[in-house]
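Comments concern the structure below.
The values are calculated or read from the model by the stated rules, or taken from the named source; none is laboratory data. Quick caveat: nothing in here was measured; it's all calculated off a predicted structure. Neighbour counts run over all protein chains shown; Cβ positions are idealised from the backbone, glycine included.
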Amino acid sequence: AQKVTQAQTEISVVEKEDVTLDCVYETRDTTYYLFWYKQPPSGELVFLIRRNSFDEQNEISGRYSWNFQKSTSSFNFTITASQVVDSAVYFCALSEDPNQAGTALIFGKGTTLSVSS
Amino acid sequence: ETGVTQSPTHLIKTRGQQVTLRCSSQSGHNTVSWYQQALGQGPQFIFQYYREEENGRGNFPPRFSGLQFPNYSSELNVNALELDDSALYLCASSSRLPGELFFGEGSRLTVL
């Protein structure tokens, strides 16, 4: 069965600190996608990144970076020089090939990040 | 470009009642998914509609049903409400690109 584990329930940092959010996944599929979403207090989930199972290249987008390691089934997310606006709940998610019928994502329980000034 | 909008934003129902939640998808998106997010949990996939037909369903009972209209808007209906149905219900639209979903702000349902 597919499963996503975010072991960190809550993380508190001070502005400008770097912070890494951990994500470990389980799947029997050889083709799958991994995602990170951000949920601010307003409630809507905001798409941050998609990575397919054949692409283990790390990615950097501004202050955000992602480290995908198939050997450890992990897809960790790092925010560099955190800011108060980064405060939100962050979800890691997994999907088998979304090009098939259904775009069901399996979400972890989320990590609440609080950045104080 | 109009984003995903949901209504109502909040509602309170009692056990046994029925509820209808509505979602307007983002312009140009023909696929709508519904998720249930209980407090402190990640969203759980309920079902997806593509071209007015359900084409994917999660582990939810038949009293959760839906519709998609020709303009791609959608409804989620829940019959015989139970206390555990209290949650934030999120609608997401997509254009069938791999997994990039655009979510609305949700409808928060409280069942008393």
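All of (1) in contact (Cβ under 8 Å) with a residue 12 or more places away in the chain; (2) in contact with a strand residue (DSSP E or B) (Cβ under 7 Å, 6 or more places away or on another chain); (3) within 14 Å of B:V4 (Cβ to Cβ); (4) surrounded by fewer than 23 Cβ atoms within 10 Å (Cβ to Cβ) hold for B:S93 with one exception: (4).
Contact map, region B:1-15: residues that are more than 11 Å from every other protein chain (Cβ to nearest Cβ) and part of a loop (DSSP other than H, G, I, E, B) paired with residues that are loosely packed, with under 12 Cβ neighbours inside 10 Å and modelled with pLDDT of 95 or more, Cβ distance under 6 Å, separation 6+ or inter-chain. Pairs shown: B:T14/B:L112. Just one of the listed residues (B:L76, B:L112, B:L81, B:L21) is touching a Leu at 6+ places or on another chain (Cβ under 6 Å), aliphatic (A, V, I, L, M) and away from chain A (no Cβ under 14 Å), namely B:L76. The residues on offer are A:L21, A:L48, and the sole one that is aliphatic (A, V, I, L, M), under 21 Å from A:K70 (Cβ atoms) and buried (at least 17 other Cβ atoms within 10 Å of the Cβ) is A:L21. Between B:L39, B:L67, which is hydrophobic (A, V, I, L, M, F, W, C), surrounded by fewer than 20 Cβ atoms within 10 Å (Cβ to Cβ) and modelled with pLDDT of 95 or more? None of the other options fit; the residue is B:L67.
Only one of the listed residues (A:F77, A:F47, A:F68) is in contact (Cβ under 8 Å) with a residue 40 or more places away in the chain, outside any loop (DSSP other than H, G, I, E, B) and on the phi < 0 side of the Ramachandran plot. That residue is A:F77.
Quick one: in region B:39-57, of everything that is over 17 Å from A:A104 (Cβ atoms) and within 14 Å of chain A (Cβ to nearest Cβ), which residue is farthest from the chain's Cα centre (by Cα)? Checking each candidate, the answer is B:G40.
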